[in-house]
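Peer 1: Below is a structure I'd like to ask you about.
The values are calculated or read from the model by the stated rules, or taken from the named source; none is laboratory data. This one's a predicted model, so the numbers in the text were calculated from it and none came from an experiment. When we count neighbours, we look across all protein chains shown, and the Cβ atoms used for this are built from the backbone with ideal geometry, even at glycine.
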Amino acid sequence: MVSRKVRRALAGMAAATLVGSLTLANPAQGNPNNNSVRKLTKAVTLQGVLRHLDAFQEIADANGGNRGSGLPGYDASADYVAGLLEKAGYKVTRQPFDFAFFEEFGSSFSRVAPPPARNYVDGTDYDLMDYSGSGDVTGLVVPVDLNLTPPRGSTSGCEASDFTAAVAGKIALLQRGTCPFGTKVANAEAAGAVGAIVMNQGNGDPVANADRYDLFAGTLGAPVGIPAVSVSYSLGEQFANTSGLQVRITADTTSEIRSTENVIAENRTGRTDNVVMAGAHLDSEPDTAGINDNGSGSAALLEIALQMAKAKTNNQVRFAWWGAEEANLIGSTFYVNSLSEEQADDIALYLNFDMIASPNYMFGVYDGDDSAGEGSGPGPAGSAQIEDVFEEFFANRNLPTNAADFTGRSDYGPFIGVGIPAGGLFTGAEGLKSAADVAKYGGVQGEQYDPCYHEPCDSLDPVGDGGNAALYAQLDGMYDLYGNINTYALDVNADAIATAVMTFAYDTSAVNDVPRSPGKSHGAGKSEDAHGQALL
């Protein structure tokens, strides 16, 4: 899942990937009788899903501990998924695309003159901006079209004309506002600046609008050639008012355009004008194995696809494993943008599964009708009916759920953007577990749902990889953990996914009013709903 603070910090990686070295047993293939909710949920086992997580961990271990898009570990993950799907009989498409790749290995920021010299603290005083260039630069700070007078509306750096010859060979001080950060810094680079500082805007009430005063994590959106850092408004104002200020910025990064791919698999039966899509992002953050984020969703979806490979469904089922989700949903966005209007209209619905086994879990169901009023609004028409299928599943098992808001942080976003109904499951990321959550699910109040979210310990050895040993011992005493995976949550959610996929594979009428196809494409002309009852 895309972080609110997208950062890339990778200490090192191996160059080689040996997919053939995987010693795992071949997963069981689908049975043609796995043609109903009841039969599919029985066939999709926890052991089968964990087998794929073992494979993802082994791939990460062979590739510097990560499976990030643009890196060998992702390529090996895509090979693994595509190979099993092809063997199972799916039509597999590997859709390549380019994306802006960024890794941060380290940075520093310091005041050189006038005295006193000072070393600023990463994450407290400054933040290296995503897609910053690499380098070691020292220079005078040159303010560029700043507006320090309330309400401080700023277009600083948005136009090439904002820059004078004085910025050449210097470090540009820019103010947030009006245009993207990347535009400001690219203009500074074009004007000859050797580095850039982007200060917060400082507009609005300092308490109510603290996000416009505090240090912020910013992204340039695409690679630039000079180091760039962000600072708070107060520090930027101090810089602007200091005559003869010289600073030093060092940045050790890789910031460039790379290629990666989506893996798409379609079954060979059913209506191609009423396609049921289900997806999960396959990539990890570049410094993690991504076992929960999002090995969990990828592994569960893969096992479901393999087990239902031979089912003759009324609607075509299209599975997707997305690349570059952690770089801001690039893979799913590329896929949706590549569709013609007719192809988009042929997609009945999209189901998304991102982080479905968080150690300190909750059962989150995407809030299709926005009944919880979390602020992002409902999904497109039909999304509420997708939510109903998941809610019915959990209700039938007497299990609680939480409403998960459509925040746009995962791959449902591009589908919602073009009006395709969407839904899915989520067990929590960096959010803190509340007392109400503990009453529903147990676990540890005040701790993250996933204590290893976007950290190297998102692996099958979270303690050995730097996780909190005491917390994981406590969680393991409450639940059955498998590394950074809550096996109970994973097992339940795998069944929930299987239920929704198989339900809609036969009938989407509740979502889009498309009549259920007649005929006997599944067993004796019958299917089952989420209750396991026959549908005539």
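Peer 1: Look at D411 and say whether it is surrounded by fewer than 21 Cβ atoms within 10 Å (Cβ to Cβ), in contact with an Asp or Glu (Cβ under 9 Å, 6 or more places away or on another chain) and charged (D, E, K, R).
Peer 2: Details: surrounded by fewer than 21 Cβ atoms within 10 Å (Cβ to Cβ): no; in contact with an Asp or Glu (Cβ under 9 Å, 6 or more places away or on another chain): yes; charged (D, E, K, R): yes.
Here the answer is no, as D411 does not meet what is asked.
Peer 1: Can I ask one more? Could you check I171 against (1) of a type outside the set (S, T, Y); (2) surrounded by fewer than 22 Cβ atoms within 10 Å (Cβ to Cβ); (3) outside the structural domain of E455 (by TED's automatic domain parsing); (4) at pLDDT 95 or above and say which number it fails?
Peer 2: (2)
Peer 1: What number of residues within the stretch 358-408 satisfy the criterion of being at pLDDT 95 or above and either in contact with a Cys (Cβ under 6 Å, 6 or more places away or on another chain) or of a type in the set (S, T, N, Q) (or both)?
Peer 2: So the count comes out to 8.
Peer 1: Taking the condition of being modelled with pLDDT of 95 or more and either among the basic types (K, R) or in a helix (DSSP H, G or I) (or both), how many residues in the stretch 327-356 meet it? Before you say what the answer is, go through the steps one by one.
Peer 2: First pass over the stretch 327-356, keeping only residues modelled with pLDDT of 95 or more: 329-356.
This time we only want the ones that are either among the basic types (K, R) or in a helix (DSSP H, G or I) (or both), so: 330-337, 341-345.
Here the count works out to 13.
Peer 1: Tell me the residue from I304, I291, I249 that is β-branched (V, I, T) and out of contact with any Ser or Thr (no Cβ under 8 Å at 6 or more places or on another chain), please. If you could, list the steps in order and put the result at the bottom.
Peer 2: Numbers: I291 fails: out of contact with any Ser or Thr (no Cβ under 8 Å at 6 or more places or on another chain); I249 fails: out of contact with any Ser or Thr (no Cβ under 8 Å at 6 or more places or on another chain).
Result: I304 is the single residue among I304, I291, I249 that is β-branched (V, I, T) and out of contact with any Ser or Thr (no Cβ under 8 Å at 6 or more places or on another chain).
Peer 1: If we only count strands (runs of 3 or more DSSP E) wholly inside the stretch 93-165, which ones have 3 or more residues that are crowded, with 18+ Cβ neighbours inside 10 Å and out of contact with any Gly (no Cβ under 8 Å at 6 or more places or on another chain)? Even if it seems obvious, please write down each step before you answer.
Peer 2: Details: elements: 118-120, 126-128, 135-143.
Fully inside the stretch 93-165 and qualifying: 135-143.
Peer 1: Going by the structure shown, is S230 modelled with pLDDT of 95 or more and over 30 Å from T149 (Cβ atoms)? Explain how you work it out, then say what you get.
Peer 2: Values: modelled with pLDDT of 95 or more: yes; over 30 Å from T149 (Cβ atoms): no.
Criteria not met by S230.
Peer 1: Ok, one more. Evaluate the following for A265: is it over 27 Å from the mean Cα position of the chain (by Cα) and touching a residue at least 12 places away in the same chain (Cβ under 8 Å)? Step through it out loud before you land on a result.
Peer 2: Details: over 27 Å from the mean Cα position of the chain (by Cα): no; touching a residue at least 12 places away in the same chain (Cβ under 8 Å): yes.
No, not satisfied.
Peer 1: Within the stretch 202-225, is even one residue buried (at least 22 other Cβ atoms within 10 Å of the Cβ) and in a strand (DSSP E or B)?
Peer 2: No, the stretch 202-225 contains no residue that is buried (at least 22 other Cβ atoms within 10 Å of the Cβ) and in a strand (DSSP E or B).
Peer 1: Something else now. Being within 19 Å of T427 (Cβ to Cβ) and of a type outside the set (D, E, K, R) is true for just one of A278, A305. Which residue is that? First the steps, then the outcome.
Peer 2: Values: A305 fails: within 19 Å of T427 (Cβ to Cβ).
Being within 19 Å of T427 (Cβ to Cβ) and of a type outside the set (D, E, K, R) holds for just one of A278, A305, which is A278.
Peer 1: Return the residue satisfying two criteria in turn: it lies in the stretch 309-329 and is in contact with an Asp or Glu (Cβ under 9 Å, 6 or more places away or on another chain) and of a type in the set (A, V, I, L, M), and of such residues it is nearest to L40 (Cα to Cα).
Peer 2: V317
Peer 1: Got a number for residues in the stretch 384-428 being among the polar types (S, T, N, Q) and touching a residue at least 60 places away in the same chain (Cβ under 8 Å)? Talk me through it step by step, then tell me what you get.
Peer 2: At the first step, the residues of the stretch 384-428 found to be among the polar types (S, T, N, Q) are 385, 396, 398, 401-402, 407, 410, 427.
In the following step, the residues that additionally are touching a residue at least 60 places away in the same chain (Cβ under 8 Å) were identified as 385, 396, 410, 427.
Residues that pass the stated criteria total 4.
Peer 1: Considering only the stretch 480-495, how many residues are in a helix (DSSP H, G or I) and in contact with a Ser or Thr (Cβ under 9 Å, 6 or more places away or on another chain)? Working first, answer last.
Peer 2: Of the stretch 480-495, the ones in a helix (DSSP H, G or I) are 487-495.
Imposing the further condition that a residue be in contact with a Ser or Thr (Cβ under 9 Å, 6 or more places away or on another chain) reduces the set to 489-491, 493-495.
So the answer is 6.
Peer 1: Quick test for you: out of Q474, Q448, pick the one residue that is surrounded by fewer than 22 Cβ atoms within 10 Å (Cβ to Cβ), at negative phi, in contact with a strand residue (DSSP E or B) (Cβ under 9 Å, 6 or more places away or on another chain) and of a type in the set (S, T, N, Q). Spell out how you get there, then give the answer.
Peer 2: Working: Q474 fails: in contact with a strand residue (DSSP E or B) (Cβ under 9 Å, 6 or more places away or on another chain).
So the residue among Q474, Q448 that is surrounded by fewer than 22 Cβ atoms within 10 Å (Cβ to Cβ), at negative phi, in contact with a strand residue (DSSP E or B) (Cβ under 9 Å, 6 or more places away or on another chain) and of a type in the set (S, T, N, Q) is Q448.
Peer 1: Right, another one. I'd like the residue in the stretch 504-525 that is surrounded by 16 or more Cβ atoms within 10 Å (Cβ to Cβ) and hydroxyl-bearing (S, T, Y) and, out of all such residues, is modelled with the lowest pLDDT.
Peer 2: Step by step, filter the stretch 504-525, then rank; the result is S521.
Peer 1: Among (1) over 30 Å from I59 (Cα atoms); (2) in contact with a Ser or Thr (Cβ under 8 Å, 6 or more places away or on another chain), where does N267 come up short?
Peer 2: Failed condition: (1).
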